[in-house]
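Since the structure comes first, as structure tokens, the remarks are kept for the end.
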Amino acid sequence: MKVMLTVKADELKLANTLTKFGEKYSRMTYKLTRRAKDYLLEVDLDSEDLGEFIRRLNHLKDITYNIEEMRGGGLLDKINVSLLRTNSDALVGKEAFVKKTVDPLDGGVVKLGGELWLAKPVNDCSIINEGSKVRVVRVEGVSLIVEGVTDEECPC
């Protein structure tokens with residue numbers, strides 16, 4: 001199976017992860033190409049190993065990636081694979097409103113999609129006041145890492 005990804009990550013950590021994965025899964029090969037703002041990663045691996053490969057990528061801190069293309073021959077080439085983000089991955093980029101002030105020490109609470117979530121600011125120096133609008137940058141455990149968008153007040 002061939003997978004092409006656009007990746008934004010620390011080059012050393014990414015290369016280390018790819019090397020370790022390649023040692024354990026010897027049938028995997030990859031090509032990492034540096035571009036202006038990201039990397040193009042071309043991976044050739046067994047389709048059974050794809051889930052483990054993605055899981056290992058998700059362990060890298062501050063990584064963002066997008067699967068651009070998947071080719072595997074047979075049925076995979078004949079179907080249209082929807083790469084819909086689900087679960088916590090689907091929260092990244094969504095906007096929410098602060099219900100309890102979000103600060104670096106104690107965190108806070110935001111309301112997203114009718115649910116209350118624990119939140120921490122992406123910047124260790126920022127405090128986001130109650131009622132402010134925020135955007136989810138990433139998910140760490142059960143907490144949303146957020147950044148302020150505007151000082152727009154919560155309509156709820």
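The values are calculated or read from the model by the stated rules, or taken from the named source; none is laboratory data. Just so it is clear, the structure is predicted and the values come from calculations on it, not from any experiment. Glycine gets a Cβ as well: all are built from the backbone with ideal geometry, and neighbour counts include every protein chain shown.
Pick out the one residue from 58, 129, 80, 123 that is farther than 27 Å from residue 24 by Cα and either in the same structural domain as residue 28 (by TED's automatic domain parsing) or at pLDDT below 85 (or both). Break it down into steps so the answer makes sense when it comes.
Values: 58 fails: farther than 27 Å from residue 24 by Cα; 129 fails: either in the same structural domain as residue 28 (by TED's automatic domain parsing) or at pLDDT below 85 (or both); 123 fails: either in the same structural domain as residue 28 (by TED's automatic domain parsing) or at pLDDT below 85 (or both).
After applying the criteria, what remains is 80.
Name the pairs: first residue in the stretch 27-50 and over 10 Å from residue 3 (Cα atoms) and modelled with pLDDT of 90 or more, second residue among the β-branched types (Val, Ile, Thr) and surrounded by fewer than 17 Cβ atoms within 10 Å (Cβ to Cβ), Cβ to Cβ under 8 Å, at least 6 apart or on different chains?
Note: pairs meeting the criteria are 38/6; 39/6; 39/33; 40/6; 40/33.
Please go through the stretch 104-126 and pick out each residue that is under 23 Å from residue 87 (Cβ atoms), outside any strand (DSSP E or B) and of a type in the set (A, V, I, L, M).
Within the stretch 104-126, 122 is the sole residue that qualifies.
Which ones in the stretch 84-107 are at negative phi and of a type in the set (Gly, Ala, Ser)?
Answer for the stretch 84-107, where residues must be at negative phi and of a type in the set (Gly, Ala, Ser): 88, 90, 96.
Can you name the residue in the stretch 43-66 that is under 22 Å from residue 137 (Cα atoms) and β-branched (Val, Ile, Thr) and is also surrounded by the most Cβ atoms within 10 Å (Cβ to Cβ) among such residues? Give the derivation first.
At the first step, the residues of the stretch 43-66 found to be under 22 Å from residue 137 (Cα atoms) are 54-66.
Retained after the next criterion (residues that are β-branched (Val, Ile, Thr)): 54, 63-64.
Numbers: 54: 13, 63: 16, 64: 13.
Filtering the stretch 43-66 for residues that are under 22 Å from residue 137 (Cα atoms) and β-branched (Val, Ile, Thr), the one surrounded by the most Cβ atoms within 10 Å (Cβ to Cβ) comes out as 63.
Quickly run through the stretch 26-42 and pick out the residues that are surrounded by fewer than 16 Cβ atoms within 10 Å (Cβ to Cβ), assigned to a loop (DSSP other than H, G, I, E, B) and in contact with a Leu (Cβ under 8 Å, 6 or more places away or on another chain).
27 - this is the single residue of the stretch 26-42 that is surrounded by fewer than 16 Cβ atoms within 10 Å (Cβ to Cβ), assigned to a loop (DSSP other than H, G, I, E, B) and in contact with a Leu (Cβ under 8 Å, 6 or more places away or on another chain).
Looking at 111, 99, can you tell me which residue is touching a residue at least 40 places away in the same chain (Cβ under 8 Å) and touching a Leu at 6+ places or on another chain (Cβ under 7 Å)?
99
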